[in-house]
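Take a look at the structure set out below.
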Amino acid sequence: MIPGFRRLLSLSAALPLLAAVPAHADIDVARTKAAIQTSLDANYPKLDELYKDLHAHPELAFQEVRTAARLAAEMRALGFEVTEQVGKTGLVAIYRNGDGPTIMVRTELDALPMEEKSGLPYASREKTNWNGVETFVAHSCGHDIHMASWVGTAKTLLSMKDQWQGTLMFIAQPAEETVSGAKAMLADGLFTRFKKPDFAFGLHDSPRAYGTVAYRVGEISSNSDSLAIKFRGRGGHGSAPHLTIDPVLMAARFVVDMQGVISREKSPSEFGVVSIGAIHGGTAENIIPEDVTVLGTIRTYKPDVRSKILAGIERTAKAEAIMSGAPEPEIKITEGGKAVVNDAKVAEMSAKVLRAAFGDQLKPAPIGTASEDFSEYVNAGVPSLFFSIGVYDPQRVAAADAGGAQVAPNHSPFFAPVPKPTIETGIQAMTLAVLSAFDQRAAR
C-alpha cells in the first residue's frame with residue numbers, strides 16, 4: 001500500500017540520510033552475494049510459478065484462505081514449524097538454527113477489490129463478494145511480489161544456514177489493505193504465543209526501476225484514518241426536487257468544501273490529505289434517494305494536523321446538513337495505521353551490507369504519503385526496517401522521469417511488475433538485511 005515510494009528524492013537532496021553509513025560491512029558481501037545468486041538460480045523457476053499462481057488467484061482481506069494455505073505448504077516443505085489461522089487467516093512460520101536473535105520477516109497476503117487491466121497472460125479474473133457487492137480482485141499493490149520474495153528469502157537463508165545462528169520468524173499477515181491484519185495477529189498472540197522478535201523487516205514494491213532498493217531512517221509512511229459519512233435527506237421524484245431534501249447535493253458540496261479545510265485551515269508546510277474514494281447512493285436517474293454515503297481517506301504525519309483535519313471534517317459535514325435543513329449526518333472516523341518509523345540502528349546495520357552489495361542502486365527514500373500497518377509491530381517495541389524495491393524496466397522509468405509515458409503506480413489496474421528482477425532484488429535485499437541482524441558466528 002505504499003505508492004508514495006514512487007518518487008525517490010534525488011540522491012543529493014537526501015544525502016544526509018545516508019551519509020553516516022560506511023561503505024563496508026562486517027560480513028563477506030561478495031561471497032554472500034554469490035551464495036544468494038546460487039540459491040536464486042536453483043529456486044527461481046518455482047518462485048516464478050508461485051508468483052504467477054498467487055497473481056492469478058488473489059483474495060481480499062481476511063478471505064486469504066487459498067493464499068495462506070499455499071504459503072503454509074511452501075514453508076512446511078522447507079522445514080519450518082507453521083501455525084495457521086493466527087489473526088484469522090495469518091500464519092507464523094518458525095525455523096530454529098541454534099542460539100541467537102529472533103528475526104521476523106513479514107509479508108502481506110491480501111489483494112484489492114478492483115479489476116486488473118494489465119493484459120498479462122496470468123492476469124487475475126477472480127471475483128468475490130465484498131461488503132455485499134460482487135467485485136473483481138487483483139494484486140494491484142504487489143503483495144504477490146512480496147510473498148514470492150518472502151518464500152525465496154526463506155529458501156535462501158536455509159541454503160546458507162551455516163552463516164547464521166538464531167531463529168527465523170516468518171509471518172504472513174492478512175488484511176494489510178484494510179489496515180487491520182497486523183492488529184488482528186497481535187491480538188491473537190503474535191508476540192505472546194510466539195517469541196517477540198529482536199528485529200523485524202518488511203518490504204514493499206514501488207513503481208521505480210527494478211534492481212533498486214530504497215530506505216530511510218525515521219518516518220517512512222503516514223498516519224491513516226478513514227471516514228464514512230451518511231447524509232440523510234428526504235427522497236422523492238427527480239422532477240420535483242422542492243419536495244425533497246437532496247442528500248446527493250449535500251454529499252457533493254461536502255466533497256468540494258472539505259478541500260477548504262486542507263487549503264485554508266492547516267499550514268501549507270504541513271502534510272495533510274483528504275481524498276474521497278467512493279460515493280454510494282440512489283438507484284435510478286429519476287429518484288432522489290433517502291441517503292448518500294461518502295467514503296474517504298485521511299493522511300497526515302503530525303498529530304496536531306490530524307486533529308485539525310478531523311475537526312474540520314465533522315464541522316463541514318454538519319454544516320452541509322444544516323444548510324439543507326436535513327438531519328445531522330452520521331459521521332464515522334476509523335483510525336487506521338500509524339506512521340512506520342525505521343529504527344536508526346537497524347537501518348544503519350542493514351545499510352552497511354546493502355550499500356556494499358547494491359552500490360549506487362541503494363537509494364534514499366522520501367517519506368511516503370501512503371500508510372502501512374507494519375507500524376503495529378514497530379509500535380509494539382520491535383526495532384525494525386521497512387524498505388522498498390523497484391519493479392519496472394530502468395529505461396521505462398528513466399523515460400517517464402524525463403516526461404515520457406508514465407509507468408502505472410501501485411493500485412492502478414495497469415500495475416504490472418517485471419517479476420524476475422523484482423523478486424530477485426527483494427530476495428537479495430531481504431536476505432542481506434536479515435544476515436546483518438544475526439550474530440555472525442559461522443566459519444567463513
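Values quoted throughout were computed directly from the atomic coordinates according to the rules given, and no laboratory measurement underlies them. Keep in mind the model is a prediction, meaning the values are calculated, not measured. Backbone-built Cβ (ideal geometry, glycine too); neighbour counts: all protein chains shown.
Consider a paramagnetic label point 7 Å from the Cα of Thr128 along Cα→Cβ; state which residues of the stretch 88-105 have an amide N under 12 Å from it. Only 89-90 fall inside the zone, counting backbone N under 12 Å.
So, counting K/R as plus one and D/E as minus one, what does the shell of residues with Cβ under 12 Å around Leu109 add up to?
Details: positive: Arg66, Arg70, Lys88, Arg106; negative: Glu59, Glu64, Glu84, Glu108, Asp110, Asp144, Glu176, Glu177.
Cβ neighbours under 12 Å give a net charge of -4.
Centre-to-centre separation between the Cα atoms of the stretch 310-379 and those of the stretch 247-299: 20 Å.
Under Stokes-Einstein, with the Kirkwood radius over Cα pairs as Rh, the value for the stretch 339-417 at 37 °C and 0.692 mPa s is 220 µm²/s. Residues whose amide H falls under 5 Å from that of Phe199, counting only those 5 or more places apart or on a different chain, are Thr102, Met104, with hydrogens built in the peptide plane. Karplus-based coupling profile of the stretch 304-321, in residue order and whole Hz: 5, 5, 4, 4, 5, 5, 4, 5, x, 4, 5, 5, 5, 4, 5, 5, 4, 5, with θ = phi - 60° in 6.51 cos²θ - 1.76 cosθ + 1.60 and x standing for Gly or Pro. Full extension of the chain between Glu265 and Ala69 gives 65.7 nm of extra length, using 0.36 nm per residue less the Cα-Cα distance. Would you list, by chain and number, the aspartates and glutamates whose Cα falls below 18 Å from the Cα of Lys183, excluding same-chain residues fewer than 8 positions away? Leaving aside aspartates and glutamates fewer than 8 places away in the same chain, those within reach of Lys183 are Glu64, Glu84, Glu108, Asp110, Asp225, Glu335, Glu372, Asp373, Glu376.
Could the peptides 296-302, 98-104 be put in order, highest first, of the mean number of other beta-carbon atoms found within 10 Å of their residues? Could the numbers behind the result be given before it?
Values: 296-302: 20.4, 98-104: 17.3.
Going by the mean number of other Cβ atoms within 10 Å, highest first, we get 296-302, 98-104.
In the structure shown, the pairs Lys88/Lys338; Lys155/Lys195; Lys161/Lys420; Lys117/Lys230 are assessed against 28 Å; a Cα-Cα span above that value is assigned to Lys117/Lys230.
Based only on the alpha carbon positions, what is the Kirkwood hydrodynamic radius of the stretch 223-335, in angstrom? Working shown, then result.
Values: mean 1/r = 0.0690 Å⁻¹.
Result for the stretch 223-335 stands at 14.5 Å.
Helical content of the chain, expressed as a calculated mean residue ellipticity at 222 nm, amounts to -12000 deg cm²/dmol (DSSP H runs of 4 or more residues, -39,500 (n - 2.57) each, divided by residue number, nearest 500).
Please go through the residue pairs Lys127/Lys196; Lys52/Lys363; Lys33/Lys196 and name each one whose alpha carbons sit more than 31 Å apart in this structure. Violating the 31 Å Cα-Cα cut-off are Lys127/Lys196.
FRET efficiency for the Glu115 to Ala34 pair, using the beta carbon distance and R₀ = 51 Å, is estimated at 0.75. Projecting the Cα atoms of Leu157, Ala370, Leu120 onto the charge dipole of the chain, computed from C-beta unit charges around the Cα centre, puts Leu157 farthest toward the positive end.
Give me D for the stretch 23-157 in µm² s⁻¹, whole number, from Stokes-Einstein with Rh from the Kirkwood sum over alpha-carbon pairs, 20 °C and 1.002 mPa s.
On the way: Rh = 16.4 Å.
The Stokes-Einstein estimate is 130 µm²/s.
Write down the Å³ per residue value for the convex hull defined by the alpha carbon atoms of the chain. Before the final figure, lay out the partial values.
Numbers: hull volume 67.1 nm³, N = 444.
Spelled out: Cα convex hull of the chain, divided by residues, is 151 Å³.
Against the main long axis of the alpha-carbon atoms of the chain, helix 247-264 sits at an angle near 60°. Distance between Cα centroids, the stretch 404-439 to the stretch 34-108: provide it in whole Å. Result: 16 Å between the Cα centres. Summarising the amide proton neighbourhood of Glu219: residues at separation of 5 or more, or on other chains, whose placed amide H is nearer than 5 Å comprise Asn342. Semi-axis lengths, largest first, of the ellipsoid equivalent to the stretch 252-401 are 40, 20, 15 Å, with √(5λ) applied to each eigenvalue of the Cα gyration tensor.
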